[in-house]
Amino acid sequence: MNLKIVAISVLIAVLFVSSIIGTISYYNALLNSKHSKIASLNNEIAGQSNEIANLTSQVTHINAEDANLTTHLGVVEDPNKTESPVTLTNDALFIKGIVVNTGNLTAYNAGLKVVAYSANGTLEINMTVPLVHGEAVYAGSDPYYGDVIDFGTDNATQALASELDSFVGSDSLKLWSLGGGQTAPVNINILHEGIVTKWTVTPVWTNTA
């Protein structure tokens, strides 16, 4: 074989092998760089996950410190309410039980949002009543409910409620506060027109006065 041809063949082989080695080295370096970036991103993700977990824990702690009202109530429609010394043709939605502030902070403007409908879907009650004027009294281990507090849904029923109730200021809808861990007994009538068959009673409050 001609030596010149052999030399050229060897040179081509060397260049080919060098090219392959160079390509492999390039892609190895690129792969290592990608692996390094992936590892860096994984570390960053892990760090952000820890930060999110920490923030979630802080939010949970803050929420635990907030006011939180829970209810244990019985609600019944009392048709053709009669209460000495006044006999009424109006019905009354009777609500009795307790409201507990399970949070640590004070629940300001605490009350019960009462919405009730007649059988044909007419809205008969839509009002917020206070928690027995903020009283939280216990007789031993049981809450002392005291006398029934009457409220009206309009001027006429509110006037009747005032006649029924000897409690001074019972016609006031002023909302009071309930401290963290405190319990308010609820014992109220809401006088209204018509007969209600569906209702919701939801605790409401604000975290600031």
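So here's what we get for this one:
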quantity	calculated
Count of the range 96-125 residues which are exposed (fewer than 15 other Cβ atoms within 10 Å of the Cβ) and closer than 18 Å to LEU173 by Cα	1
Candidates LEU175, LEU191 - the one that is at pLDDT 85 or above, buried (at least 18 other Cβ atoms within 10 Å of the Cβ) and touching a helix residue (DSSP H, G or I) at 6+ places or on another chain (Cβ under 6 Å)	LEU191
Verdict on LEU105 being closer than 30 Å to ILE149 by Cα, at pLDDT 75 or above and either acidic (Asp, Glu) or in a strand (DSSP E or B) (or both)	no
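Each row is one residue, and each column tells you yes or no for (1) at pLDDT 65 or above; (2) under 22 Å from the mean Cα position of the chain (by Cα); (3) assigned to a loop (DSSP other than H, G, I, E, B).
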{"residue": "ASN63", "(1), (2), (3)": "no, yes, no"}
{"residue": "GLU77", "(1), (2), (3)": "yes, no, no"}
{"residue": "LYS96", "(1), (2), (3)": "yes, no, no"}
{"residue": "ASN126", "(1), (2), (3)": "yes, yes, no"}
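The values are calculated or read from the model by the stated rules, or taken from the named source; none is laboratory data. Only a predicted model underlies this, so the values are computations on that prediction, with no experimental measurement involved. Note: ideal-geometry Cβ built from the backbone for every residue, glycine included; neighbour counts use all protein chains shown.
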